[in-house]
1. Tally the residues that are touching a strand residue (DSSP E or B) at 6+ places or on another chain (Cβ under 8 Å), hydrophobic (A, V, I, L, M, F, W, C) and not in a helix (DSSP H, G or I), restricting the search to the range 76-113.
2. Residue under question is Ser159, and the condition is that it be at pLDDT 95 or above, touching a Ser or Thr at 6+ places or on another chain (Cβ under 8 Å) and part of a loop (DSSP other than H, G, I, E, B); does it hold?
3. Please verify whether the range 76-84 includes one or more residues that are assigned by TED's automatic domain parsing to the domain that holds Glu196 and surrounded by fewer than 18 Cβ atoms within 10 Å (Cβ to Cβ).
4. Restricting the search to the range 180-226, which residues are more than 28 Å from Glu88 (Cβ to Cβ), touching a residue at least 60 places away in the same chain (Cβ under 8 Å) and in contact with a helix residue (DSSP H, G or I) (Cβ under 8 Å, 6 or more places away or on another chain)?
5. Go through (1) without any contact (Cβ under 8 Å) to a residue 40 or more places away in the chain; (2) closer than 27 Å to Thr184 by Cβ; (3) crowded, with 21+ Cβ neighbours inside 10 Å for Leu40 and report which single condition fails.
6. Within the range 114-131, how many residues turn out to be part of a loop (DSSP other than H, G, I, E, B) and either under 18 Å from Leu90 (Cα atoms) or not assigned by TED's automatic domain parsing to the domain that holds Leu187 (or both)?
7. Arg139 is checked against (1) loosely packed, with under 15 Cβ neighbours inside 10 Å; (2) over 29 Å from Gly192 (Cα atoms); (3) basic (Lys, Arg) and fails just one. What number does that condition carry?
8. If you go through the range 43-62, how many residues are exposed (fewer than 13 other Cβ atoms within 10 Å of the Cβ) and either assigned to a strand (DSSP E or B) or free of Cβ contacts under 8 Å to residues at least 12 places away in the same chain (or both)?
Amino acid sequence: MRQYFVRENLQCGSTVELDGETAHHIRNVLRMKSGEMIRLVDAGSRLFLAQLSVDGSVRALITEELEAGSVNGRITVCACLIKREKWEMLIQKAAELGADRIVPLISKRTIVHIDEREAEKKSQRWNKIALEACQQSNRTSVCTVEDPIDLKDIRQYMSENNLLAYEDRQGRNIIELADERNMTIVLGPEGGFAEEEAAFLNSLGFVSCSLGERILRAETACLYALAVIDARRSTL
């Protein structure tokens, strides 16, 4: 069943008008008809079942509040920018796998840099990709993509449990360190972090962790880490 996010608070028995891209998607892409059912997530992250009315406008009658499921600690992914196609895929899949916030990082070896004139346009596109991924995967919270920051400014995105994916053989595997607390996971660029950058992150309290024996591409490392965190949390 298709799911969409709305900006207002909903209640059973009320009707909400769906507009913009949501209405276009329902009417012109999916060609849904009056009487069909969708799921709506409101501003308070509550989940509802709704019946469509599609004519000159697209409206939804709220018929039932559904159980939204348990909520684990939030996951912040701080990932160094990579080439556009891979970065957009990373955003999409990270949102599907449970990331709550994605922070684009600029490090010493980051080869992709954002032109300030294009920053707002790119941010809108990135957040649209994340929103669509959350809707497709039936999440009840929206993953947001922040503006890019330099590695030195990462303190503002630290959580209760802070991990650094780093090819340090002394580091414990991420599955041992993942838990239900709010987490921040930091992932490097295609060339990895420089030693002094890893040392800087360790000094802030980020714990180095291993993603296994293989050397993974930057986008693969992110998805692997999130999949492991999700699997670990399902057992706690």
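The values are calculated or read from the model by the stated rules, or taken from the named source; none is laboratory data. Given the structure is predicted, the values throughout are model-derived calculations rather than measurements. Every residue, glycine as well, gets a Cβ built from its backbone with ideal geometry; the counts of neighbours run over all protein chains shown.
1. Adding up the residues that qualify gives 10.
2. yes
3. Checked the range 76-84: at least one residue is assigned by TED's automatic domain parsing to the domain that holds Glu196 and surrounded by fewer than 18 Cβ atoms within 10 Å (Cβ to Cβ).
4. Hit for the range 180-226 is Glu180, nothing else.
5. (2)
6. Step one: list which residues in the range 114-131 are part of a loop (DSSP other than H, G, I, E, B), which gives 114-115.
If we keep only those that are either under 18 Å from Leu90 (Cα atoms) or not assigned by TED's automatic domain parsing to the domain that holds Leu187 (or both) too, we end up with 114.
Qualifying residue count for the region: 1.
7. So Arg139 meets the others, but not (1).
8. Counting residues in the range 43-62 that are exposed (fewer than 13 other Cβ atoms within 10 Å of the Cβ) and either assigned to a strand (DSSP E or B) or free of Cβ contacts under 8 Å to residues at least 12 places away in the same chain (or both) gives 1.
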